[in-house]
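Okay, so here's the structure we're looking at.
The values are calculated or read from the model by the stated rules, or taken from the named source; none is laboratory data. No experiment lies behind these values; they were computed from the predicted model shown. Don't worry about glycine lacking a Cβ; one is built from the backbone with ideal geometry, like all the others, and counts go over all protein chains shown.
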Amino acid sequence: MKKSIEYICSDCGYLSKYWLGRCPNCQAWDTLVLNSVNNLNEKFCEVKPLKITEISRSSFEVFDTGFSELNRCLGGGVYKNTIVLLAGNPGIGKSTLSLQVAYNISRSRKVLYVCAEENYGNLKVRFDRLFSNYPENLFLFDNSNISYILEASKEFDVIFVDSIQAIRSSDLSTPVGSISQVKSCIDKIVEFCKLYGKTFIILAHVTKTGYIAGPKFLEHMVDVVLLFESRDDYRVIRVSKNRYGSTDEVGVFVMTDQGLRENNYIQFENVGRNPGSVFALLPEGSRFIPIEIQALVNKSYSEKPRRIIWGIDNIKIMVIVSIIEKFLKFDLYKYDIIMSVIGALRVFSNVLDFSIAVSIISSYLVFPVERSIFIGNLNLYSSIEFISKGKFRQCLLEASKFSIQRIYSNFSRDQIVSEYQDLKELIENIEFYKVESLKDLIKLWG
Ligand code: TYD
Ligand code: MG
């Protein structure tokens with residue numbers, strides 16, 4: 001069969017016999033790529049449709065990444081025969097995490113780590129920093145040519161590509177990292193993955209505009225997209241696409257001297273010792289992350305008191321401050337407010353508004369709230385509102401893991417005991433305080 005080589009514009013689909021720097025149709029630069037459908041005709045003949053009975057369970061095999069935070073994000077682990085994209089800013093820890101996962105998976109599988117960004121020497125230094133022994137089944141490959149990479153990949157079960165922007169397809173003359181190069185390489189990986197049933201974990205830098213490798217197409221080509229974000233030493237993985245699980249899941253890590261560790265969360269013993277420090281349970285995906293909300297409310301020496309907030313939406317704080325000023329008559333306009341969240345990147349949900357308000361009140365009144373948790377929604381008129389019975393139950397179950405002694409909500413002890421009879425033993429030693437508004441709380445505290 002005569003092979004017709006045609007180039008296609010990845011933006012508008014225009015076909016051209018020759019490679020052109022600019023698409024004559026849509027005028028976009030650097031978008032013409034080899035039309036892979038024409039070039040892969042022969043390979044397509046090697047595959048055939050299967051009867052459902054011919055499909056083995058092994059195609060659903062899952063590899064344990066060694067990190068439960070990551071497994072949960074992936075829907076159990078890395079599924080065989082899939083492509084996972086791990087995207088994040090340069091320097092955030094993509095290579096570190098990937099090398100740790102590669103190490104863990106290599107306990108049971110043959111793993112190839114393609115390092116197109118770093119040479120063997122650099123990788124060895126990083127390796128020695130992270131691990132104390134060399135696994136048998138982990139191989140490194142310091143190469144950036146996609147043809148060599150795929151050829152080498154035939155021998156392995158799981159292949160890491162670090163990174164998609166650093167590998168190139170030699171049939172294109174465009175620079176490494178350009179849209180056409182990235183597109184061509186990912187196309188080849190997808191075809192290879194289908195033909196040989198391999199598993200790829202591909203690293204990608206997020207560009208300044210927040211896109212992965214520029215255009216969105218990379219996300220469409222893969223099965224799972226994980227986004228790596230950071231604040232201080234915290235690293236959080238969010239799922240933006242997942243064929244195998246929920247996109248609500250979040251994985252929390254901390255960057256240490258020996259790579260990424262699963263977050264062992266906050267030092268619960270110390271939470272609440274200082275006024276302004278409040279324990280809270282942040283709902284994320286299918287679970288709660290225990291966090292500490294910290295507030296420092298301090299007399300201001302400036303005409304315009306400062307609001308310095310890390311990890312919580314500024315507008316949310318403005319709203320809560322207004323509620324406190326209006327209904328508790330606190331003169332917060334004379335105070336600087338500094339706030340932070342420990343244990344998570346940031347608090348989006350309104351579920352913790354009550355806890356945030358308590359944190360500010362606790363610092364202002366210099367009243368510490370040890371071993372306490374505040375459950376309920378805060379409305380604009382400072383009332384504590386009902387949360388669903390299911391959510392309340394989840395909070396009770398979760399709180400009981402943390403030797404919480406006091407629960408403040410808009411339910412009395414009797415109401416809670418009669419509603420959640422099955423949890424009787426669990427909540428036996430907990431004191432319950434019914435507060436219908438922030439004012440009730442102040443009265444309780446005298
Ligand atoms: P890296 O994994 O190279 O980031 P990426 O691949 O996303 O560009 O991470 C680099 C940063 O992580 C660098 O600032 C050093 C730091 N780091 C640690 O703090 N601890 C470690 O154990 C390692 C290996 C790196
Ligand atoms: Mg890297």
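Do you know which of the residues in region 217-233 that are crowded, with 16+ Cβ neighbours inside 10 Å and under 14 Å from the mean Cα position of the chain (by Cα) is farthest from Glu191 (Cα to Cα)?
My answer is Ser230.
Only one of these conditions is not met by Asn81: (1) within 14 Å of ligand 2 (Cβ to nearest atom); (2) under 21 Å from Asn242 (Cβ atoms); (3) modelled with pLDDT under 95. Which number is it?
The one condition Asn81 does not meet is (1).
Between a first residue in region 385-405 that is in the same structural domain as Asp440 (by TED's automatic domain parsing) and a second residue that is of a type in the set (Val, Ile, Thr) and outside any loop (DSSP other than H, G, I, E, B), which pairs have beta carbons less than 7 Å apart while being 6 or more apart in sequence or on different chains?
Note: pairs meeting the criteria are Leu396/Ile427; Ala399/Ile373; Ala399/Ile407; Ser400/Ile427; Ile404/Ile373.
Do we have any residue at all in region 118-140 that's assigned to a loop (DSSP other than H, G, I, E, B) and under 16 Å from Ile164 (Cα atoms)? Even if it seems obvious, please write down each step before you answer.
Step one: list which residues in region 118-140 are assigned to a loop (DSSP other than H, G, I, E, B), which gives 118-119, 131-137.
Then keep just the ones that are under 16 Å from Ile164 (Cα atoms); that gives 118-119.
Within region 118-140, one or more residues are assigned to a loop (DSSP other than H, G, I, E, B) and under 16 Å from Ile164 (Cα atoms).
Tell me whether region 189-200 contains one or more residues that are within 29 Å of Asp257 (Cα to Cα), assigned by TED's automatic domain parsing to the domain that holds Asn242 and either at pLDDT below 95 or within 15 Å of ligand 2 (Cβ to nearest atom) (or both).
Within region 189-200, none of the residues are within 29 Å of Asp257 (Cα to Cα), assigned by TED's automatic domain parsing to the domain that holds Asn242 and either at pLDDT below 95 or within 15 Å of ligand 2 (Cβ to nearest atom) (or both).
Here's a check for you: in region 160-181, which residue that is touching a strand residue (DSSP E or B) at 6+ places or on another chain (Cβ under 8 Å) and within 16 Å of ligand 2 (Cβ to nearest atom) is nearest to Asp30 (Cα to Cα)?
Out of the qualifying residues, it is Val176.
Going residue by residue through region 91-107, is there one that turns out to be of a type in the set (D, E, K, R) and within 16 Å of ligand 1 (Cβ to nearest atom)?
Scanning region 91-107 turns up at least one residue that is of a type in the set (D, E, K, R) and within 16 Å of ligand 1 (Cβ to nearest atom).
Somewhere in region 37-52, is a residue out of contact with any Gly (no Cβ under 8 Å at 6 or more places or on another chain), within 16 Å of ligand 1 (Cβ to nearest atom), farther than 30 Å from Leu172 by Cα and modelled with pLDDT of 75 or more?
no
For region 243-298, how many residues meet the condition of being modelled with pLDDT of 85 or more, crowded, with 19+ Cβ neighbours inside 10 Å and in a loop (DSSP other than H, G, I, E, B)?
Number of matching residues: 4.
In this structure, is Ser108 of a type in the set (S, T, N, Q), touching a residue at least 40 places away in the same chain (Cβ under 8 Å) and within 16 Å of ligand 2 (Cβ to nearest atom)? I'd like the intermediate steps shown before the answer.
Details: of a type in the set (S, T, N, Q): yes; touching a residue at least 40 places away in the same chain (Cβ under 8 Å): yes; within 16 Å of ligand 2 (Cβ to nearest atom): no.
For Ser108, the condition - of a type in the set (S, T, N, Q), touching a residue at least 40 places away in the same chain (Cβ under 8 Å) and within 16 Å of ligand 2 (Cβ to nearest atom) - is not met.
I'm told Thr247 meets every condition in (1) within 16 Å of ligand 2 (Cβ to nearest atom); (2) at negative phi; (3) of a type outside the set (Phe, Trp, Tyr) except one. Can you identify the failing condition by its number?
Here Thr247 meets the rest and fails (1).
Do we find that Ser355 is within 25 Å of Asp232 (Cα to Cα), over 23 Å from the mean Cα position of the chain (by Cα) and crowded, with 17+ Cβ neighbours inside 10 Å in this structure? Show your work before the answer.
On the way: within 25 Å of Asp232 (Cα to Cα): yes; over 23 Å from the mean Cα position of the chain (by Cα): yes; crowded, with 17+ Cβ neighbours inside 10 Å: yes.
Criteria met by Ser355.
Which residue pairs have Cβ atoms closer than 6 Å, lie 6 or more positions apart in sequence or on different chains, and pair a first residue in region 225-246 that is closer than 16 Å to Ile201 by Cα with a second residue that is in a loop (DSSP other than H, G, I, E, B)?
Every condition considered, the pairs that remain are Phe228/Ile92; Val239/Thr247; Val239/Glu249; Asn242/Gly75; Arg243/Asp223; Tyr244/Gly75.
Going by what's in this entry, would Ser144 be described as at pLDDT 95 or above and either within 14 Å of ligand 2 (Cβ to nearest atom) or of a type in the set (Phe, Trp, Tyr) (or both)? Quick ask: steps written out before the conclusion?
Details: at pLDDT 95 or above: no; either within 14 Å of ligand 2 (Cβ to nearest atom) or of a type in the set (Phe, Trp, Tyr) (or both): yes.
When the stated conditions are applied, Ser144 does not pass them.
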